[in-house]
Structure formats: structure tokens, C-alpha cells
Amino acid sequence: MNISLKEKKVFFASDFHLGAPDDISSKERERKIIKWLNSIEQEAEAIFLVGDIFDFWFEYDKVIPKGFIRFIAKIADLRDKNIPVFFFTGNHDLWMNNYFTKELGVPVYHNPIEITIEGKKFLIGHGDGLGPGDETYKILKKIFTNPFCQWIFKWIHPDLGVRLAHKWSKNSRITNLSKNEGEFKGEDEWLWAYCKQLIKSKHFDYFVFGHRHLPLDLPVGEKSRYYNLGEWVNYFTYGVFDGKKFEVKKFEE
């Protein structure tokens, strides 16, 4: 995929976690996200939403999770204005399938993708399951992404299925501040380690990930950088590339 900016910019955001930790705060966050999207749409050549946009998402054959209608309507509005929007699944919304593609014309990616923007090579993805460590989650991801397991879950009534999923989500890093996930881990930053290993065999100018929940801008070799987009429960940060430089910024209303 190649993107030419035509004097515009490409925007990146991740980890909105719509639905967490409760309805009231989630609706407030949803309104803030829409304000951000409103503020960038005039200069956006494309928008990448890089996983965990929803704190839980499962597409039954005829049912999608209740809520987030303002956000979904805004995505529809952006597409009606011919602004490309790209969705990536994360560890919380990995059960997203083709609803957004069919209804809104928004492609959904389940793995990192390589793209070129103004001649610069990007690797973009949510980041879950990459790099060293976190073996328990890697096993769970294989289970959750197994078609048979998804088929079994589909037969749970949505009221019960969504309730179970939200109960599981309460143990997540975004709602459990006691796990010190906001601290920079130095050489133990697993996505940074993943980038440094990958650059040995293939060059990218920019690695852009979410999942970590901590805004980061770190060198990868001499000519590459790793950016983490942070999250929208505490930081309200996003990435922007203008064709010359990439920046992680905070949205201020």
C-alpha cells in the first residue's frame, strides 16, 4: 500500500477501549474521540485506528455489541467524505470480522501491515503477541482466534457472552492500575525489542504500534524509530505524519 499525502497528513490512534471501565466514562471518552476526529478531518489524508478501539467486540451473524453509535456514525461520516479509515484488531477486539468493511468500507487488519507513505516505510499493527515474553497471552490468543472456539462462543446468547467478556476485561491492564504498566521498562520493552530484532533483516523507517498504553518515541538502529501511540483512558495521545516527520501528540480540547 502506498499513500501520497498531497499536502495533508496521516493520523494514527489506538487503545480507545470504548466500553471500559464503565458506561459513564466510556461515553465521555467517546465524545472526546469524536471531537478529535472532527478536529483532524480537514487535514487527514488517512486515519489508522490501531487496535483495542473497543474494550470488547464480537460479531455474531446478525448482532454486534450495543453502544458506541456516535463513534460508528462518525466513522461513517468520514468515509462519506472519502477519508480512508483503516482498522486493526487488538487483543480486546480481535473478534472483529467484516461488519465495518461491509457497512462502512473500512478494511480490518488482524496482523501488522507494511505500507509506504511519501517514500517512508512503515510497519503498523496493534502489537499484541509480538516480541519476547508474555507466553500466557500468546497461548490464549491462539485459542481465541481459533475458528472452532469462535464458533462455540457464537452459540452463547449475546447478553451472557458480552457480560462474560466484560468481566474478563476488568482484569485487563487498562482497568488495573496496580500492574505498573505506565512505567517505562527500558530494554525490557518487548515491542521495542521486537523492532530492534526485526530491523536486522528488514528496514523500516517507522514502527507504529499500540497495546503498550505508554506513549513512546525510541530509536531503532540509526535510521529508524519505534512509536507507541499510548491510550485514551489517561493519555489521549495520537500519532501524526506530515511526510517529513512523525510526532506523538496529546489531544487538548
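A simple count of charges around G221, restricted to other residues whose Cβ falls under 10 Å of its Cβ and scoring Lys, Arg +1 and Asp, Glu -1, yields +3.
Output the antiparallel fraction of DSSP beta bridges having both residues in the chain, as a percent to the nearest 5.
Just about 45 percent of them are antiparallel.
Counting only residues at least eight positions apart within a chain, or on another chain, the aspartates and glutamates with an alpha carbon under 14 Å from that of K27 are D55. For I34, the shell of other residues with beta-carbons less than 12 Å away shows a net charge of +2, using +1 for Lys and Arg and -1 for Asp and Glu. Relative to the Cα centre, the charge distribution of the chain, modelled as +1 at Lys and Arg Cβ and -1 at Asp and Glu Cβ, gives a dipole magnitude of about 280 debye. In the structure shown, the pairs K35/K202; K102/K154; K102/K250; K35/K62 are assessed against 26 Å; a Cα-Cα span above that value is assigned to K35/K202; K102/K250; K35/K62. DSSP finds beta bridges in segment 39-160, and of those with both partners inside it, around 40 percent are antiparallel. Looking at segment 203-243, the trypsin sites (Lys or Arg not before Pro) that sit in a DSSP loop and have at most 15 other Cβ atoms within 10 Å of their own Cβ are K223.
Tally Lys and Arg at +1 and Asp and Glu at -1 over the other residues with C-beta under 12 Å from the C-beta of F54: what net charge comes out? That sum, taken over residues with Cβ under 12 Å, equals -4.
Quick note: the coordinates plus some simple rules give every number you see, no bench work behind them. Being a predicted model, the structure only gives us computed values, none of them experimental. Neighbour counts are summed over all protein chains in view; Cβ atoms, including those assigned to glycine, are modelled from backbone coordinates with ideal geometry.
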